[in-house]
Structure formats: structure tokens, C-alpha cells
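Have a look at the structure below before the remarks.
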Amino acid sequence: MRIALPLLKMWNLQTILAILGTLCLTSISGYKNGKVEKSCESMMPEHHSQPNTTGSPYTLTVNARKFSPGDNIRVTLSGSERFEGFLIQARDATNPDGPAIGSFTLVDPEISQRLTCNSIEGSAVSHTSNAKKTEIQVIWKAPFNAPPTVQFLATVLAHYKIFWLKLPGPIISQGDVTPAPSQSTTVMSTNSASTSILSQPFTSEGCGVSKSCLIDPVSCNPSVDTNCFFLSYSTMDQTVSFELSGPAQGYVSFALSKDKWMGDDDTYLCINDEGRVSVEAAHTTGRTYPEVSSKSVLTDIGWRVSDGVIQCKFSRSIYTPQDPVRFSLNNSYYLFVAHGTAEYGMIHRHTRQPLISSHNQIITGPSEILTGSRSPLLMKYHGALMLIAWMLAGSTGKLMAAYFKPDWPEQTLFGEKIWFQVHRMLMSLTVLLTAVGFVFPFVYRGKWSTRAGAHPYLGCTVVILTFCQPLMAAFRPGPDSSRRWIFNWLHWGVGNAAEIIAVVSMFYGIRQQSLLLPYPWTTGALSAFVVWTIVLKLVLKLLKHDVIRKGSGKEDELPVLSDISEDVTWDTKFRVAVLAVFVLGNSAFCISLLASIGDI
């Protein structure tokens, strides 16, 4: 019984997790598989966009204009263009915003399915996948309590962001009832601003003179550089004109923010949807998907897509009382520029840290050229301290303890052997740099990062192992103790584990969004550092085991060490030479990575 109870609890937990997982998967894939019961009442897709108000290429037809309760009516949805999704209902013709009535029977279950709306099973029909189709047929059965006149309505999706809401279909009537004129259905308006295709790319000419600009890389020109991210704005009377350009597969966007954190921002999106760009105003709350505005606040819209670069322009008034979530442009804000992928006009989370202006600026203020960075200063400090700690201090300190104990047996430094003092100094520096660098990400984010992958877990492991070393050293037994070998193995094992995990963590760290270093050369530089370290340690290991020995030449065969005292052995001279090369090489690798941190 004692065994069965924990098993039962474990089974219940697994069941709950499975149910939750199923619910999550359902919510994620709900639109493509047509499970759209949430839209039963409004027939409005939850696609963060507004319906198309232009002429629809789709029509609803029926095979009869009269019906009696219990009759079957064939309903056909067809069009001159293919569509991916649909939702069909029958409603009281005198109240088209009322509940669905009657029930449907499927003609082709592979492409259509019945939904339960208004607690009536089969009272609506939707798609089963986003496969493109040109026609769908279903059978509607008239209920015994049917109203005198019935109208069929359909919401049709050409694809994700292009759809028509509640397209009115035929009105059918019972017996001798004369069909009443169809009532207008509720359709939300969309942005009616005129849109044009730009004939020329934007240019950085005039930046700082007639317009303010945020450019990345610095001094690039979007008219000739396809890797240039560019945002400009200029004021004329009570209107501000914006230009946005950047290389992206799906979208480029910018936001006005009151601080350097995402959330509660005035956002503008330029989304490439199969060669056409939609320009939209939106608002973000926290890190949720931007909520697209239904108000028409943008004018003079233009766009261009060429060589993988998305460009768009628009104007908006300094004040927009009709859309209160828009920020007043007479105030100062930080500027965010982001980009990423999109599917069917639906943007995905950006895979790279946004470009953030170094300071806030009044949008309608004097023209200037702004600078920005994709990495917060605290995260740059974090990366720099960790690189110095483990590429220079830690690696050199371990080398001293592993291979230099036999050298300078008579000389001391502050009362201790030279190797030990150098080792202790460098490893203490490693502990200090690691501890300070470890704190910076938590100060920056204020919490644990859930999107950083394995890097924070590896980092925490390194910090724990690093602090174990001085604690073990403080309580180590004497050199002649019978338990000294336990300390020696633990000290060696924990030190090597910390170094290996630190290097793995660095590989993950240079690919983090908040410190995304240039790829692939920084990965190559870090890989070269690893190979370089292994090769030189192997050389010292071979020397330690007498595999490498002095030849028959003179004692001063190493001219670079000719100034070292003659009583120093050849082995010591060789090890010092390898140490010098080791430190110089590691310094070069470290400096190259530090320089790349400074550039982002």
C-alpha cells in the first residue's frame, strides 16, 4: 500500500502534465486545425489584424430559396482565389449578429469539420487544415424552431492576415414568407491610409541636419548597404515622418519606449507578407505580442522590398487623441529597432537583441545622429569579466600549479614558493572576477532568464565550483598528512571541472541575445583558444615526463632567455618560454573577443 500510494500520486501528476501539455498544444495549433469555437459569436479570427474591407473574391450559394423545418439545404463557398480557412454559420436574417441556428452535415470530412456554437452541435463548419482550397460544400439542416428567414454568413481567410469577415450569403425563407432585406453585419474598419510603392531606397544624407537618424552599423548608408539598419524621423508642422529600413526575412519594427526595457511601448511594424509590406501601429504590454491598433493614425504610407531589405515610411500626427495609446511625439523616448521572421503576416519573436539608442531624445527636437547598441552595458561587463577570468587569470594560474612546482626551489615570494604565490594570486583574481561578473546579469534582468538556454545553468555550476576551491584550500590538511591526497584529488578535479564547464559556458554565452557576438569568427576564435591551450599543455606534459629533452647544444640555445641566471636549468627555461607564449597567445584571443564585445 505504501508503494502504491506514491505510484498513484506520480500517475496523477503525469496525467495532469499530459492534460496541460495537450491544452497548450491545442492553443498553439488551434487556428490551423480550425478549432475556432472562441470565434463562434463574432466570427472574427484572433489573428491580431483587421479584416479586409475591399471586394471579396468569395461567394456563398445555396441550392434552394425556400425551406421547411427538417429540410436539407446545400451550401457552397467558392471563389476565384484559393483560401486557407473559413467559418460558415446560419443566422436569423433579421438579426445577423445573433446566435447560430440549425446544424450542418459534412460533404467532405477531410477538409471540413463541425463545431459546437451556441451549445448546438454542428451549428458551424470550419476548415481542418490550412491547405489551400477553392470550394467547400456542406449541408445545412433547418431546425424545427427556425425563424421565418435565415441568412448564411462566412468568414474566409485567404491566409493569416488577409481575410473577409462575415461575408453575407443568400437569404432563404420558410413557405410563403417574403425574404426581408438583409441587415448589415458588424465589420471592423481597417487602416484606410493610401499606400504607395517606393521607387528609391532611403539614404542617410541629411542625417543630423534635416532629420534625426539611428544607424547600425555606424555611418552605414541604406541606399548602398544591404546590411544597414536605419531609422530616421523629421518634423513638419504637426506631423512627423518616419523612415525604417533593415535586412530581414519577415519584418522590421521600431518602438518608442520610456525606458530601456520592452513593454508599454508605442510600436510600429513593417511586415513583409509574400512580397507586400503592411505598415501597422501597435502597442506592447510586457513581452506579449504587439496589439495592432484598429485606428487609422498613419498616413503617407510607402514601402519597398529589394535584395532582402524591407523599407517602409509613414507619417503620423504629434498628438493622436483618436488613439490614446499612441505616445505624444513632443516627449523624449528611447528608440528600439528590431527585426525577425514572419509567417502569413504574423511576426515571430526577434532572434537578436533590439538595437537600443544610447540615450532618449525628444522626437520633435533638433536633428541629430543617434548611436545605439544591441547589448546592455552590464551584459558587456559580464562577458568581459568572464573572458578575462577564464581565458587569462584562471588558465595561467592552473598552469603554474600543474607544471612549475619544481622550478625555483630556493627562491620565495613573500615567504612562499614562487609558483604557489603566483597560482594563489591568479586564482584569487579568477574568483573575484567570476563573482562580480556573475552578479551583473541578475542586476540587469532582475530575475532568472528563461530564454538563455543552458548558459545560466552552466554559469551557476562554474560559480559553485569556483567558490569550493578557496574553501577547500582554507581547510586543507598539512603536506605530510595522511589525508593530503584526498585534498589533492578534489582540488585537481574541481579545478579542472570548473575550467571545462566555464569554456563550454563561454561558447553558449557568445550566442546569447543580450551579448550576440559576430558569428562565426568569434566561435572560431574561442575554438582556436581551446586548441591552443590543449597543445601547449601537451607540450608541458611531454616535458614533465621527459619525452622532450635538451639536445647536445649549448646551455643558452634559447636566446630569448639568455638573460636568465645561469643556475636555472634548461627545463625551467623551456617552461618559462612556453608560459610566455601561452600568456601572449591567450591574451591575443581574449583581446580579440573583448574588442568584438565593444563593437556590439
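Just need a number here: residues in segment 393-411 that are within 14 Å of residue 428 (Cβ to Cβ), open to solvent by 10 Å² or more (accessible area, probe 1.4 Å) and out of contact with any His (no Cβ under 7 Å at 6 or more places or on another chain).
2
Quick test of your reading of the structure: residue 361 fulfils all but one of (1) of a type outside the set (Val, Ile, Thr); (2) open to solvent by 20 Å² or more (accessible area, probe 1.4 Å); (3) under 29 Å from the mean Cα position of the chain (by Cα). Name the failing condition by number.
Failed condition: (2).
Looking at segment 544-557, is at least one residue surrounded by 16 or more Cβ atoms within 10 Å (Cβ to Cβ) and modelled with pLDDT of 80 or more?
No, segment 544-557 has no match at all.
Is it the case, given these coordinates, that residue 74 is in a strand (DSSP E or B), in contact (Cβ under 8 Å) with a residue 60 or more places away in the chain, farther than 28 Å from residue 292 by Cα and not hydrophobic (A, V, I, L, M, F, W, C)?
Yes: the conditions hold for residue 74.
Considering 85, 79, which residue is under 30 Å from residue 347 (Cβ atoms), open to solvent by less than 70 Å² (accessible area, probe 1.4 Å) and touching a His at 6+ places or on another chain (Cβ under 7 Å)?
When all the criteria are applied, what remains is 85.
Has segment 254-262 got at least one residue that is surrounded by fewer than 23 Cβ atoms within 10 Å (Cβ to Cβ) and either at pLDDT 95 or above or closer than 18 Å to residue 367 by Cα (or both)?
Yes, there is a match, as at least one residue in segment 254-262 is surrounded by fewer than 23 Cβ atoms within 10 Å (Cβ to Cβ) and either at pLDDT 95 or above or closer than 18 Å to residue 367 by Cα (or both).
Inside segment 124-138, can you point out the residues that are touching a residue at least 60 places away in the same chain (Cβ under 8 Å) and either surrounded by fewer than 16 Cβ atoms within 10 Å (Cβ to Cβ) or polar (S, T, N, Q) (or both)?
Matches in segment 124-138: 126, 128, 129, 130, 137.
Could you tell me which residue of segment 572-600 is nearest to the chain's Cα centre (by Cα), considering only residues that are open to solvent by 40 Å² or more (accessible area, probe 1.4 Å) and within 30 Å of residue 408 (Cα to Cα)?
589
Name the residue, out of 332, 395, 428, 375, that is among the hydroxyl-bearing types (Ser, Thr, Tyr) and in contact with a strand residue (DSSP E or B) (Cβ under 8 Å, 6 or more places away or on another chain).
The unique qualifying residue is 332.
Could you look through segment 463-500, keep only residues that are out of contact with any helix residue (DSSP H, G or I) (no Cβ under 6 Å at 6 or more places or on another chain) and not in a helix (DSSP H, G or I), and pick out the one that is most open to solvent (accessible area, probe 1.4 Å)?
Among those residues, the one meeting the criterion is 475.
Would you pick out the residues in segment 321-335 that are under 21 Å from residue 359 (Cα atoms) and either of a type in the set (Val, Ile, Thr) or assigned to a loop (DSSP other than H, G, I, E, B) (or both)?
Residues satisfying the conditions are 326, 327, 328, 329, 330, 331.
Name the pairs whose Cβ atoms lie under 6 Å apart, with the first residue in segment 223-241 and under 20 Å from residue 310 (Cβ atoms) and at pLDDT below 95, the second open to solvent by 60 Å² or more (accessible area, probe 1.4 Å) and in a loop (DSSP other than H, G, I, E, B), and 6 or more positions between them or separate chains?
Note: pairs meeting the criteria are 226/307.
Among residues belonging to segment 366-392 that are in a helix (DSSP H, G or I) and open to solvent by 30 Å² or more (accessible area, probe 1.4 Å), point out the one that is farthest from residue 212 (Cα to Cα).
392
With at positive phi, open to solvent by 10 Å² or more (accessible area, probe 1.4 Å) and under 21 Å from the mean Cα position of the chain (by Cα) as the only criterion, which of 308, 275, 345 stands out?
Of the residues listed, the single one that is at positive phi, open to solvent by 10 Å² or more (accessible area, probe 1.4 Å) and under 21 Å from the mean Cα position of the chain (by Cα) is 308.
Could you say whether any residue in segment 265-272 is assigned to a loop (DSSP other than H, G, I, E, B) and at pLDDT below 95?
no
The values are calculated or read from the model by the stated rules, or taken from the named source; none is laboratory data. Because the structure is predicted, anything quoted here is derived from the model rather than measured. Neighbour counts are summed over all protein chains in view; Cβ atoms, including those assigned to glycine, are modelled from backbone coordinates with ideal geometry. What goes into the accessible areas is simple: the full protein's heavy atoms, side chains included, and nothing from ligands, DNA or RNA. Shrake-Rupley method; radii C 1.70, N 1.55, O 1.52, S 1.80 Å.
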